[in-house]
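Data block below; observations after.
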Amino acid sequence: MLHPKIENALNAQLAREAAASSNYLAMAVWCDQQSLDGCARFFYRQSDEERMHMMKILHYLIECNAAAEVPGLQKPAAAFPNVQQVFHAALEQEQAVTRSINELVELAQECSDHSTQHFLQWYVGEQREEEATVTKILDRIRLIGDGSMSLYYIDSEVEKINAQVLASETEA
Ligand SMILES: [Fe+2]
Ligand SMILES: [Fe+2]
């Protein structure tokens, strides 16, 4: 039996992962429409990953015989001033999710819920990786600057990072 506080907090996290998936999908569509194919691929993939994060929580709740609520979705932001802002928004979203995962871990500790603490460790590692990837992209964007070919170079760099992420996942 999960503590009701844990059950509620996990359902709230499930909703956050669903919102993150929807936000990333809107970012992917925006990038696709700007012909930023590498960036679009990055965000389509992120959107799929966030859905997978949501599904893991859903299955955990069901496994624990707890209530699992499929969340309703708010319309995500669909317009962005530039690709730099898209990645800034992505980093802010990841940082907010990291904070909520950390709060969940603390709650599981308070409730002496070892199973949920163990379950959440995967998310702790995942957040570190995702923040590192988006930070790396923002660093490259800063290095590239905003010269006439910058969008082309940003997109090529993101495509390289896509390939690195894919390669590291096949190794794992
Ligand atoms: Fe996530
Ligand atoms: Fe994420």
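The values are calculated or read from the model by the stated rules, or taken from the named source; none is laboratory data. These numbers come from a predicted model, not from an experiment. No Cβ is skipped: glycine too gets one built from the backbone with ideal geometry, and neighbour counts run over all protein chains shown. Side chains included, ligands, DNA and RNA excluded: accessible areas come from the protein's heavy atoms. Shrake-Rupley method; radii C 1.70, N 1.55, O 1.52, S 1.80 Å.
Quick one: angle between helix 37-63 and the longest Cα principal axis of the chain, in degrees between 0 and 90, rounded to 10, please.
0 degrees
What does the convex hull of the Cα atoms come to per residue for the chain, in Å³?
It comes to 106 Å³ per residue, whole-number rounded.
Let me cross-check LEU91: its accessible surface, 1.4 Å probe, with only protein heavy atoms counted, in Å² to the nearest 10?
30 Å²
For the chain, what does the accessible surface come to per residue with a 1.4 Å probe? Please give it in Å².
Value for the chain: 56 Å² per residue.
I'd like the per residue volume of the convex hull spanned by the Cα atoms of the range 30-116, given in cubic angstrom.
111 Å³
Any number yet on Rg/Rh for the range 13-62, C-alpha, Kirkwood?
Result for the range 13-62 is an Rg/Rh of 1.11.
Under a straight-distance cross-link criterion of Cα-Cα below 19 Å, which aspartates and glutamates are reachable from LYS136, leaving out those fewer than 8 residues away in the same chain?
Output for LYS136: ASP37, GLU49, GLU92, GLU94, GLU126, ASP146, ASP155, GLU157, GLU159, GLU169.
Nearest 10 degrees, 0 to 90: what angle lies between the long axis of helix 4-33 and the longest principal axis of the chain (Cα atoms)?
Its long axis makes an angle of about 20 degrees.
For the range 86-130, what value does the Rg/Rh ratio take when both radii are computed over Cα atoms and Rh is the Kirkwood radius, given to two decimals?
My calculation of the ratio gives 1.07.
What number comes out for the charge environment of ARG140, summing +1 per Lys or Arg and -1 per Asp or Glu over other residues with Cβ under 14 Å away?
Spelling it out: positives minus negatives among the neighbours equals -2.
Reachable aspartates and glutamates from LYS5, Cα under 14 Å, same-chain residues fewer than 8 places away excluded?
GLU103, GLU106, GLU110, ASP113
Determine how large the accessible area of MET55 is when every protein chain is in place; take a 1.4 Å probe and give Å² rounded to the nearest 10.
Taking all protein chains as shown, MET55 has close to 50 Å².
Given a 1.4 Å probe and heavy atoms of the protein chains only, how would you sort LYS75, LYS160, largest accessible area at the top?
From most exposed to least exposed: LYS75, LYS160.
Could you sort THR116, THR135, THR98, THR170 by their accessible area in this structure, using a 1.4 Å probe and putting the largest first?
Listed by decreasing accessible area, they come as THR170, THR135, THR98, THR116.
Roughly to the nearest percent, how much of the accessible area of the chain is carbon and sulfur, given a 1.4 Å probe?
Whole-percent figure for carbon plus sulfur exposure: 53.
Show me 42-48, 99-105, 151-157 ranked by packing, highest mean number of other Cβ atoms within 10 Å first.
42-48, 151-157, 99-105
If you average the sequence gap of Cα pairs under 8 Å that are 6 or more apart and divide by the length of the chain, what percent do you get for the contact order?
27 percent
Just to confirm the number: angle between the C-alpha axis of helix 114-144 and the first principal axis of the chain, 0 to 90 degrees, nearest 10?
10 degrees
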